[in-house]
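*Asks:* I have a structure here, written as structure tokens, and I will follow up with some questions on it.
The values are calculated or read from the model by the stated rules, or taken from the named source; none is laboratory data. Quick caveat: nothing in here was measured; it's all calculated off a predicted structure. Here the Cβ positions follow ideal geometry from the backbone for every residue, glycine too, while neighbour counts run over all protein chains shown. Side chains included, ligands, DNA and RNA excluded: accessible areas come from the protein's heavy atoms. Shrake-Rupley method; radii C 1.70, N 1.55, O 1.52, S 1.80 Å.
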Amino acid sequence: EAAVTQSPRNKVAVTGGKVTLSCNQTNNHNNMYWYRQDTGHGLRLIHYSYGAGSTEKGDIPDGYKASRPSQENFSLILELATPSQTSVYFCASGGRDTQYFGPGTRLLVL
Amino acid sequence: GEQVEQLPSSLIVQEGASVLINCSYTDSASVYFPWYKQEPGKRLQFIIDIRSNMERKQNQRLTLLFDKKTKHLSLHITATQPGDSAIYFCSASMNNYAQGLTFGLGTRVSVFP
């Protein structure tokens, strides 16, 4: 199975602060994704990438930026964190179709 | 955009019984439907998928049925075990798979010995 890792696994941030969530995959997949998971909403797509240097907006991109500096790494950036961004964030990578998920990052914005 | 609905939201069964999870989607452009299992505090784990040119797919105790006409899928799990306890997610993807998945809200399955 694809190896997708995320850091940090848990993060507490203050409102208005900058938060960077990192994701690394070692399977040479072209596509990477960031989702957030919230009770009552399931998983929702924030940003995705087709490869190094590319970032695309998903279904709920407002308040988030993404960066794909290399094939292996994909970051999610919250420039000005808000309490509404408290959630569990999952990164995934995929080739042709099936996506493989990381373990998640639990973010609490106070 | 695409919307995916799952029913029921939760169910409880005794070990050995069968489970049926229903999923429906709205956009006829969706062509690929992977299902994932999530145990408490864990990552989503891919369990089975089906494409829109198929009607049925089986993987051991899992059977996935697809009806393109009604935009409906159903996941059948037989001979359940306590290890099957998890949240099961249906998802859908359009022709450009790379654009990501749209997920249902999940079905929480609890299997008691």
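*Asks:* List, largest first, the extents of the alpha carbons of chain A along their principal axes, each in whole Å.
*Replies:* The principal-axis extents, from largest down, are 37, 27, 24 Å.
*Asks:* Less than 13 Å Cβ to Cβ from B:Ala92, Lys/Arg counted +1 and Asp/Glu -1: what total charge do the surrounding residues give?
*Replies:* Around B:Ala92, the charge tally is -3.
*Asks:* Okay, next question. What's the total accessible area buried between chains B and A, using a 1.4 Å probe, rounded to the nearest 100 Å²? Please list the in-between numbers first.
*Replies:* Numbers: alone 6520 and 5790 Å², together 10510 Å².
Protein heavy atoms only, the B-A interface buries about 1800 Å².
*Asks:* Please give me, ordered by residue number, the GluC sites (Glu not before Pro) of region B:1-85 that lie in loop per DSSP and have at most 15 other Cβ atoms within 10 Å.
*Replies:* Passing sites in region B:1-85 are B:Glu15, B:Glu55.
*Asks:* Hey, can you find the accessible area per residue of the protein assembly as shown for me, probe 1.4 Å, expressed in square angstrom?
*Replies:* 47
*Asks:* If you don't mind, there's one more thing I want to ask. Which number gives the lysine pairs in chain B that have C-alpha atoms under 18 Å apart and are eight or more places apart or on different chains?
*Replies:* 4
*Asks:* What dipole magnitude, in Debye to the nearest 20, does region A:28-110 give about its Cα centre under +1 on Lys/Arg Cβ and -1 on Asp/Glu Cβ?
*Replies:* Details: 7 positive and 7 negative charges, 14 e Å.
Dipole size: approximately 60 debye.
*Asks:* Tally Lys/Arg at +1 and Asp/Glu at -1 over every other residue whose Cβ is under 12 Å from the Cβ of B:Asp49; what's the total?
*Replies:* Net local charge, B:Asp49 excluded: +2.
*Asks:* List the residues of region B:99-113 whose accessible area drops by at least 20 Å² when all protein chains are present, compared with their chain alone, using a 1.4 Å probe and counting only protein heavy atoms.
*Replies:* B:Gln99, B:Gly100, B:Leu101, B:Phe103, B:Leu105
*Asks:* Taking Cα pairs under 8 Å and at least six residues apart, what relative contact order does chain B come out at, in percent?
*Replies:* 37
*Asks:* Points 7 angstrom from Cα along the Cβ direction at B:Ser110 and B:Ala17: gap in nanometres?
*Replies:* 1.2
*Asks:* Dipole of region B:1-95 (Lys/Arg Cβ +1, Asp/Glu Cβ -1, origin at the Cα centre): which of B:Leu73, B:Val19, B:Val31 lies farthest to the positive side?
*Replies:* B:Val31
*Asks:* If you don't mind, there's one more thing I want to ask. Run through all the Cα pairs of the protein assembly as shown and give the fraction in each 5 Å bin from 0, expressed as whole percent.
*Replies:* The distribution over the protein assembly as shown is 1, 7, 15, 19, 18, 16, 12, 7, 3, 1, 0, given as percents.
*Asks:* What's the carbon and sulfur percent of chain B's accessible surface, probe 1.4 angstrom, rounded to a whole number?
*Replies:* Working: 2690 of 5600 Å².
Carbon and sulfur: 48 percent of the exposed surface of chain B.
*Asks:* What residue among B:Gly104, A:Val4, B:Met94 has its Cα farthest toward the positive end of the dipole of the protein assembly as shown, where the charges are +1 on Lys, Arg and -1 on Asp, Glu, each on the Cβ?
*Replies:* Positive-most Cα among the choices belongs to A:Val4.
*Asks:* Here's another thing I want to ask about it. Do you know which residues of region A:71-110 lose at least 50 square angstrom of accessible area in the protein assembly compared with their chain on its own, with a 1.4 angstrom probe?
*Replies:* Checking the loss per residue gives A:Arg96, A:Asp97, A:Thr98, A:Gln99, A:Phe101.
*Asks:* Please report, as a whole percent, how much of the solvent-accessible surface of chain A comes from carbon and sulfur atoms (probe radius 1.4 Å).
*Replies:* 49
*Asks:* Still on this structure, please answer the following. List the equivalent ellipsoid semi-axes of region B:2-113 in whole Å, largest first, each obtained as the square root of 5λ for an eigenvalue λ of the Cα gyration tensor.
*Replies:* Rounded to whole Å, the semi-axes are 24, 14, 12.
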